[in-house]
1. Just wondering, is there one or more residues in region 163-182 that are at pLDDT 90 or above, over 23 Å from the mean Cα position of the chain (by Cα) and part of a loop (DSSP other than H, G, I, E, B)?
2. Residues in region 163-191 that are under 22 Å from residue 247 (Cβ atoms) and free of Cβ contacts under 8 Å to residues at least 40 places away in the same chain: how many?
3. Within region 206-302, which strands (runs of 3 or more DSSP E) (wholly inside it) include 1 or more residues that are over 14 Å from the mean Cα position of the chain (by Cα) and without any contact (Cβ under 8 Å) to a residue 60 or more places away in the chain?
4. Tally the residues that are closer than 25 Å to residue 52 by Cα and of a type in the set (Lys, Arg), restricting the search to region 292-321.
5. Would you call residue 317 acidic (Asp, Glu), outside any loop (DSSP other than H, G, I, E, B) and either open to solvent by less than 30 Å² (accessible area, probe 1.4 Å) or at pLDDT below 90 (or both)?
6. From the residues in region 188-213 that are open to solvent by 60 Å² or more (accessible area, probe 1.4 Å) and among the hydrophobic types (A, V, I, L, M, F, W, C), which one is nearest to residue 255 (Cα to Cα)?
7. If you check 64, 49, which single one turns out to be of a type in the set (Val, Ile, Thr) and surrounded by fewer than 17 Cβ atoms within 10 Å (Cβ to Cβ)?
8. Quick one: would you say residue 49 is under 30 Å from residue 235 (Cα atoms), touching a Ser or Thr at 6+ places or on another chain (Cβ under 9 Å), without any contact (Cβ under 8 Å) to a residue 60 or more places away in the chain and among the β-branched types (Val, Ile, Thr)?
Amino acid sequence: MHVRLQALLAIAALFMVSSLSFAQSSEPSRSTPWGDPDIGGVWDYWTFTPLERPDEFGERGTLTDEEAATFAQEANAEALARDLAAPPGDPGAYSQAVWTDRARATALTQSSLIVDPPNGQIPALTSEALAREKSRLANDGQPVRIRVGGFGTAGPEERGLAERCLLGFSTGPPLLPGGYNNNVQIFQTPDAIVLLVEMNHDVRVIPIDGRSRLNDDIRQWMGSSRGRWEGGTLVVDTTNFTDRTASFGITGLALGSAQQLHLEERFTRVDDGTLMYEFTVNDAASFVRSFSGRLPMNASDLPLYEYACHEGNYGMENLLRGARAEERQPLER
């Protein structure tokens, strides 16, 4: 009996070890097959939390859960209330109800996306940046750095970068929530990280193999990025932006010139469903000090769809055609 009992105990031990190994292998992996932290997947970064702290929150950087929920519900109701009848002669635009992100009344307990300076506000522009902006506006507003809007309809170069399908209106860099399509898919290889941003299908390929930066005379719409791992955090440094983009901008906001911008971004997977995203804007030529923002991205099991902007720029073509028609109207009367 003693020998038989020992055999049974040995079989039970083997079963327990086997079961434990299976349980461990079935848990979500936090590392890639080559050993880097796993931050891959589709991530959703939508929130009603504003970029800058509203005056109503004063010096408070953190809200209660109840306050955040109330803020989100009020922002959601305000967005839906914009669906009023278009004025005569105005064809109207998107219905807020079909902007699926805005249909989700969610907000963070932090009172603003900007977390430094402590007041939650974007720092002031330098006197030199203000002078450059005054000169730009006096020069027919060229180059147009704003994402949505513009300074005329004589040609496409007078319209915003997103209207021209050159850059998404909320995809930065840095990544910031906008009207809709607030999703990014991250792919990883041993040598590079790829960020596929749904809005405007912008793609950023970030080498992490230690290669040198581009020469200073090579400028790109989204800059030139280089990444490195600091423990479990991917740190991305981006320079070589063009002066045709703002140092910091989102939708209708365009501040400074990005020519001297150094952007640092940090991606940290804090759990299976959350990727913490942080950014710091360093541009002494545009702002009186650097500033930083932070927001969590949530894992999504939904696929990204191709965002085709306005399908061959028909929207821009028709906008300019409409402007020419308006110009002819007084002559036809």
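1. no
2. Selection size over region 163-191: 1.
3. In region 206-302, the matching strands (runs of 3 or more DSSP E) lie at 224-230, 233-239, 262-271, 274-282.
4. 1
5. Taking the combined requirement at face value, the residue satisfies it.
6. 203
7. 64
8. no
The values are calculated or read from the model by the stated rules, or taken from the named source; none is laboratory data. The model shown is predicted, which means the values in this text are computed figures rather than measured ones. Cβ sites come from the backbone with ideal geometry, for glycine too, and all protein chains shown count toward neighbours. Protein only, heavy atoms only, side chains kept; ligands, DNA and RNA dropped before computing areas. Shrake-Rupley method; radii C 1.70, N 1.55, O 1.52, S 1.80 Å.
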